[in-house]
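Notes follow the structure.
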Amino acid sequence: MAGTRFPVRTQRPRPALLGIYLNDHLAGATGGAELARRAAGSAASTEAAGPLRRFVTEVTEDRQALLAMMSALGVPVRSYKVYAAWIGEKAGRLKLNGRLISRSPLSTLEELELLRLGVEGKAAGWRTLRALAERDSRLDAAQLDQLLSRARLQAGMLEELRRHAADQVIADRLPERGGTAA
């Protein structure tokens, strides 16, 4: 095919890709921390309040650990991504959830599910950095192992709270089914 032009693919240097990757995780950590604060505040008078307050503290510490690793690796923070995540979390509060003025019972369930997904993403990021720590002495493998362990505990705690919320919101509102199956 004479005269056909194919797009030229240029690859970014690997350090640039790592910077994009870590800034994406920082944006996720920012949005996740905001969502965790909101969930903890909404649960203030429930049994979930204590675990969620501890979770907020841990998520804030995890974000600080990520920032320290980015600094050690010489990765600059891209503030626009952090601000976009912060704004995105605030905008997420405006979604329609079956209620216009008051908080929907679905809000707690959905927040817990989003937090659980965020923790799984965070753990994937820690696993990636843990593999990199095998080749890069600027990263502390033992710290990453601890962060991975904490992420597993966080996921378990959030799943327990999520199941409880699902039982309250979904299962308790299902109509009773009588009779036997045919």
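Okay, here's what the table says:
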item: Hits in segment 149-182 - residues which are buried (at least 17 other Cβ atoms within 10 Å of the Cβ) and either hydroxyl-bearing (Ser, Thr, Tyr) or modelled with pLDDT of 95 or more (or both); result: Arg150, Ala151, Gln154, Ala155, Met157, Leu158, Leu161, Arg162
item: Members of segment 15-26 that are surrounded by 20 or more Cβ atoms within 10 Å (Cβ to Cβ) and among the aliphatic types (A, V, I, L, M); result: Leu22, Leu26
item: Any pair with Cβ under 9 angstrom, 6 or more apart, that starts in segment 105-116 at a residue that is under 10 Å from Leu35 (Cβ atoms) and crowded, with 18+ Cβ neighbours inside 10 Å and ends at one that is of a type in the set (Phe, Trp, Tyr) and at pLDDT 90 or above; result: Leu115/Phe55
item: Considering residues of segment 41-59 that are at pLDDT 95 or above and surrounded by 14 or more Cβ atoms within 10 Å (Cβ to Cβ) only, the residue nearest to Pro105 (Cα to Cα); result: Leu52
item: Options Lys90, Lys81, Lys95; residue that is of a type in the set (Lys, Arg), modelled with pLDDT of 65 or more and within 30 Å of Glu159 (Cα to Cα); result: Lys81
item: Yes/no for Leu148 being closer than 21 Å to Ala166 by Cα, outside any loop (DSSP other than H, G, I, E, B) and in contact (Cβ under 8 Å) with a residue 24 or more places away in the chain; result: no
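The values are calculated or read from the model by the stated rules, or taken from the named source; none is laboratory data. In this text the structure is predicted, and so the values were computed from the model without any measurement. Reconstructed Cβ throughout: ideal geometry from the backbone, glycine too, with neighbour counts over all protein chains shown.
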